[in-house]
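Written out below as structure tokens is the structure these notes cover.
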Amino acid sequence: MKVLFSISIIFLSFLSYGQKMPSDYFDEASNYFEEDKFEDALKGYKYIVDNHSKNELYPRAFYNVGYIYFIQEKYDEAIPILKEILESNFNEKENLGGGIMADPYTNYRHRASEILSEIYCDKKKYDTALYYFALSDTAYPYLHFCGNEYASNDVHTALRYADIYQKLKQPENAIEKLLPTVFITLADNSKVLEELEKLLADKKGLKLELDNSLSKIYSKKIDREDYSYTRYYFNFLNTEIAVPNSYEDEKDKFDKDKSIKEIKQTDFYKMIENL
């Protein structure tokens, strides 16, 4: 599951004429951060922010100052820094340099808007929290190259939307955000099904409504830059849901009856059946 974290990559340090370089300050600050010595880490990152605005480490240091203020719950200090990141030209696809299982890109604005959403949730300003989380989902979407990580992010996003909407006393909107992720298989979506089970517990006739929806599966042509394909969907509880494994091209034709049979074997269908 995707989590918020500091952007702390250790760079090779070197000395020039006996003076510390920005990379030395960054390395030291990152080591302090790993040791939970946040005030010492702040000094190193802020030194770069205050004195080396043209250095390649400046965006990372700037972000990390805001992140540390966030984890220290110094929200009044964190908010203006994070909002400034949203107006910046920091490179979202700057290479983090981690291993194959790590996030490959910095995602500065995506992370900053998510953190702002967390802050405003803590402040119980849920409308503002929703606004900034929507920014992280739409204006500054999560960037990765791995389908599994995108699936994990889809689950994370659905659960965050649902949490905020429930805090806003809008359960129907929470349901609509959770439903498109019920058939995800590349990531664990068990918490999505748990939340839906609670939200749908008092609704009647859901199995009949779902069966009727499945009988009305429809197709949509999806156009990409250099190709197009057909995908199939159904509408349940005012939400469009993609039929799993329903991509169609000239070689593979869609089998509606087979797809419905497979859907009826899913945890989602069984959950609806048992309500």
Inset, instruction - Could you please give the count of residues in the stretch 221-245 that are in contact (Cβ under 8 Å) with a residue 24 or more places away in the chain, assigned to a strand (DSSP E or B), surrounded by 14 or more Cβ atoms within 10 Å (Cβ to Cβ) and not small (Gly, Ala, Ser)? - result: 5
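Quick check, is residue 83 more than 27 Å from residue 197 (Cβ to Cβ), modelled with pLDDT of 95 or more and more than 17 Å from the chain's Cα centre (by Cα)?
Working: more than 27 Å from residue 197 (Cβ to Cβ): yes; modelled with pLDDT of 95 or more: yes; more than 17 Å from the chain's Cα centre (by Cα): yes.
Judged against the criteria, residue 83 is a match.
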Inset, instruction - Within the stretch 207-220, count every residue that is touching a residue at least 60 places away in the same chain (Cβ under 8 Å) and among the aliphatic types (A, V, I, L, M). - result: 1
Legend entry - Pairs where the first residue, in the stretch 64-90, is on the phi > 0 side of the Ramachandran plot and the second is in a helix (DSSP H, G or I) and surrounded by fewer than 23 Cβ atoms within 10 Å (Cβ to Cβ), C-beta under 9 Å, 6+ apart: 73/119; 73/122
Legend entry - Number of the exception - residue 184 against (1) at pLDDT 95 or above; (2) more than 30 Å from residue 94 (Cα to Cα); (3) within 24 Å of the chain's Cα centre (by Cα); (4) assigned to a loop (DSSP other than H, G, I, E, B): (2)
Legend entry - Matching residues in the stretch 247-261 - criterion: being crowded, with 16+ Cβ neighbours inside 10 Å and of a type outside the set (A, V, I, L, M): 254, 259
Legend entry - Failed item, numbered, when residue 213 is tested on (1) in contact with a Phe, Trp or Tyr (Cβ under 9 Å, 6 or more places away or on another chain); (2) closer than 23 Å to residue 137 by Cα; (3) part of a helix (DSSP H, G or I): (2)
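Considering only residues that are farther than 14 Å from residue 156 by Cα and acidic (Asp, Glu), look in the stretch 195-220 and name the one that is surrounded by the fewest Cβ atoms within 10 Å (Cβ to Cβ).
Result: 202.
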Inset, instruction - Look through the stretch 262-275, keep the residues that are crowded, with 16+ Cβ neighbours inside 10 Å and among the β-branched types (Val, Ile, Thr), and return whichever of them is nearest to residue 219 (Cα to Cα). - result: 263
Legend entry - Neighbours by Cβ (under 6 Å, 6+ apart or cross-chain): first from the stretch 173-193, among the charged types (D, E, K, R); second crowded, with 21+ Cβ neighbours inside 10 Å: 177/158; 177/162
Inset, instruction - Please list, ordered by first then second residue, the pairs with beta carbon atoms under 8 Å, 6 or more apart or interchain, first in the stretch 141-154 and under 21 Å from residue 192 (Cα atoms), second among the basic types (Lys, Arg). - result: 142/2; 149/2; 152/2; 153/2
Inset, instruction - Take the stretch 189-207 and flag every residue that is part of a helix (DSSP H, G or I) and not basic (Lys, Arg). - result: 190, 192, 193, 194, 195, 196, 197, 199, 206
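The values are calculated or read from the model by the stated rules, or taken from the named source; none is laboratory data. It should be emphasised that the depicted structure is a prediction, and the values quoted were computed from it without experimental measurement. No Cβ is skipped: glycine too gets one built from the backbone with ideal geometry, and neighbour counts run over all protein chains shown.
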